[in-house]
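Nothing in this text is a laboratory measurement; each read-out follows from the coordinates by a stated rule. Please read all numbers here as calculations on a predicted model, not as lab measurements. Because the Cβ atoms are built from the backbone with ideal geometry, glycine has one as well, and the counts that use them run over all protein chains shown.
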Amino acid sequence: MQFQGLLFTGCCSNLLVADGRYNLTANPSFTLKHKSSSLRAHAALKLVHFQRSNSTSTCPRGLLWRWGVSKVISIYLLCCLNLVALAQDYPYLSTSSYGCDDVSSYYASVKGLEGKALKKKLHSVISKHQSLSYKEVWDALKFLDAANVDRPQASSGIVEIYSLRAVSKDLAGKPEGWNREHLWPRSYGLISGPSLTDLHNIRPADVNVNSSRGNKYYGECNKKSIRCLKPANKEAAFDTETDKERWTPPTKLLCLYHVTKFAIPGCMLWSFSKSDHTTSSQAHWKHVGETWNKNLASIFLELIDLSFSLLDLQVRGDIARAIMYMAVCYGLHQPGGQNLHLSDSPSIENREMGILSTLLKWNEVDPPSREEKLRNDRVCKFYQHNRNPFVDHPEYASLIWKRVTPTHQNWRFPAKKELMK
């Protein structure tokens, strides 16, 4: 005897809806696969409509009612199982917020604090977070630093932190591609544990540029010095700088190409260019020229700095806030390593990164952009479940590290008693 329109309901809430012609004596076993998850339903047959020789009979009303209810339940459970499978394959589809949505409540415990007390309390808020494997960082960066920030899943490229170019995600780890850049260098105390794979500290970077930066600390080299190289690497943005010890990241400075429509000698030109990597809210910086004359370049760039200061879309502040995050998150207790610190005299031996006064300045002149805030939200919601407090509250930096330098308007020479302390 054969049946049509069969509903297969499995044990332990594993259900499957199927149609077709099946043999009553069969012992059906079905498998539903979705990427990393699979569903096996060992089905029990329930009669809906059967065909016998030349006549057709309809099943009893009670059996039809049970069939209808079972079908609704089956479809519901299948949808739930599919959502679980999707969440496993794509963590950014998770609906759990882990307290990341309510920023005011997230920092409620630090209100009114400053100095060491603020640093200690922030440490307790952000230090207990989810840790990723080093391999998982690759996929996370493809999502967090996608060239199209509004559609990161659909974007085919990522933006490199030092060259500011959109390159293919498929070039991850390749000699001509990009790799994982630790803004706080590994040699400055990132031995093992969560600090080594913290997404707030890792960005995509061109392989060659990453190698040029090495473990140099952040700062501004003396432009009059012959040791100051600008750009820092031929693959880096034109306004990057470096000397033997310091590394100056780019500012995403808008050059004249989009206005004048011709190449100016001595300027490595970049322009806004709409492509599949860009949206109306994000610039895709396209390389359209080469450095021809270093002397003319320095003069030209100084003029650009003055003329286009309002169009200065910097990433120096982004980097400064990432470094400050590391000093707070791993500054009081770092699993598997020594505590991290910031200083105006960086030292690998003391795990002191810097230059602190320069980072404080970058934090002030380059406030968090929409893209930086989105990245902070996504790291919290979809991966680590903690936030970078300096992206949400840049003012925390000056409350923790009192900026006292000769260039500050409130600077004064310390009293003798203060010097004796």
With a 10 Å Cβ neighbour count serving as the proxy for reagent exposure, in which order, fewest first, do LEU374, LEU356 appear?
-> LEU374, LEU356
Stretch SER187-ASP150 to full length: gain in nm at 0.36 nm per residue minus the Cα-Cα span?
-> 9.9 nm
Quote the FRET efficiency, to the nearest 0.05, computed for LEU332 versus SER211 with a Förster distance R0 of 22 Å and r equal to the Cβ-Cβ distance.
-> 0.10
Within 10 Å, count the other beta carbons around each residue, average over each peptide in 343-354, 380-391, and list them highest first.
-> 380-391, 343-354
Please give the contour-minus-distance gain from ASN339 to GLU364: 0.36 nm per residue of separation, less the Cα-Cα distance, rounded to one decimal in nm.
-> 6.4 nm
Expressed in nm to one decimal, what extension gain is obtained for the pair GLU176 and ILE348 from 0.36 nm per residue of sequence separation less their Cα-Cα distance?
-> 59.0 nm
Can you give the charge dipole size of the stretch 112-203 about its Cα centre, rounded to the nearest 20 debye, using +1 on the beta carbon of Lys and Arg and -1 on the beta carbon of Asp and Glu?
-> 380 debye
Would you please put 159-165, 133-139 in order of how densely packed they are, using the mean number of other Cβ atoms within 10 angstrom per residue and starting with the highest?
-> 159-165, 133-139
By the scheme Lys and Arg +1, Asp and Glu -1, what is the net charge of all other residues having a beta-carbon under 11 Å from that of ASN222?
-> +1
